[in-house]
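Take a look at the structure set out below.
Any read-out appearing in this document is the output of simple, stated calculations on the displayed coordinates, not a laboratory observation. Owing to the predicted nature of the structure, the values given are computational and were not obtained by experimental measurement. Positions of Cβ are backbone-derived with ideal geometry, glycine not excepted, and every protein chain shown enters the neighbour counts.
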């Protein structure tokens, strides 16, 4: 049964397609953050190891919320690694060294890429597709990613 929420089927489908891309990016970033947590080395190992754990826990919640938003619109969320790799804008590029600076630079670039992607799609979701709920949801995600990006950027000073 299709949701009767005041958004046309065509608009719900378009918004879900954008959210599918975002979900793939979020999942790849989650996986990269797990990798950093598992493989970090160096004199700051303990503190950065714990910080990366906090980050992947936050990303786990974000991944779940994006998937649930897709379901609220009456569509199925992609849920396989193959689908995520086909949909993502991010790469699985790994740092040359498993040190905090390398991992932090990579994760920062990915958070910033997600922020840009959301900003580029926000007006269309709100205006063209008449989905203020998803636009509001995405505005919150921008704020989450901006805070994480700020924290990551502060580690590089």
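For residue 39 and residue 109, the difference between the fully extended length at 0.36 nm per residue and the C-alpha to C-alpha distance is 23.3 nm.
Let me make sure I get this right: for the chain, a, b and c are the square roots of the gyration tensor eigenvalues over alpha carbons, sorted descending. Under 1.5 in a/c it's rounded, otherwise prolate if a/b > b/c, else oblate. Which is it? Verdict is prolate for the chain. Assign one of three labels to region 77-157, namely rounded, prolate or oblate, based on the Cα gyration tensor with a ≥ b ≥ c the square roots of its eigenvalues; rounded applies when a/c is under 1.5, prolate when it is not and a/b is larger than b/c, and oblate otherwise. Oblate. In this calculation the C-beta distance from residue 153 to residue 13 is compared with R0 = 30 Å, giving a FRET efficiency of 0.25. Working note: Cα atoms of region 43-98, range along each principal axis, descending, whole Å: 48, 22, 15. For a paramagnetic label modelled at 7 Å from the Cα of residue 119 toward its Cβ, which residues of region 24-56 fall within the zone defined by backbone nitrogen distances under 13 Å? Within reach of a label on residue 119: no residues. Once the Cα-Cα distance is subtracted from the 0.36 nm per residue extended length, the residue 89 to residue 2 segment shows a gain of 28.4 nm.
Each residue, residue 146 and residue 68, gets one label point 7 Å from its Cα in the Cβ direction; the gap between the two is 2.4 nm.
Using a simple spin-label model with pseudo-atoms 7 Å out from Cα toward Cβ, residue 127 and residue 53 lie 4.6 nm apart. Considering the zone a paramagnetic label at residue 76 would reach in this model (a point 7 Å from Cα along the Cα-to-Cβ line), which residues of region 1-16 have amide N under 14 Å from it? Residues 1 fall inside that zone.
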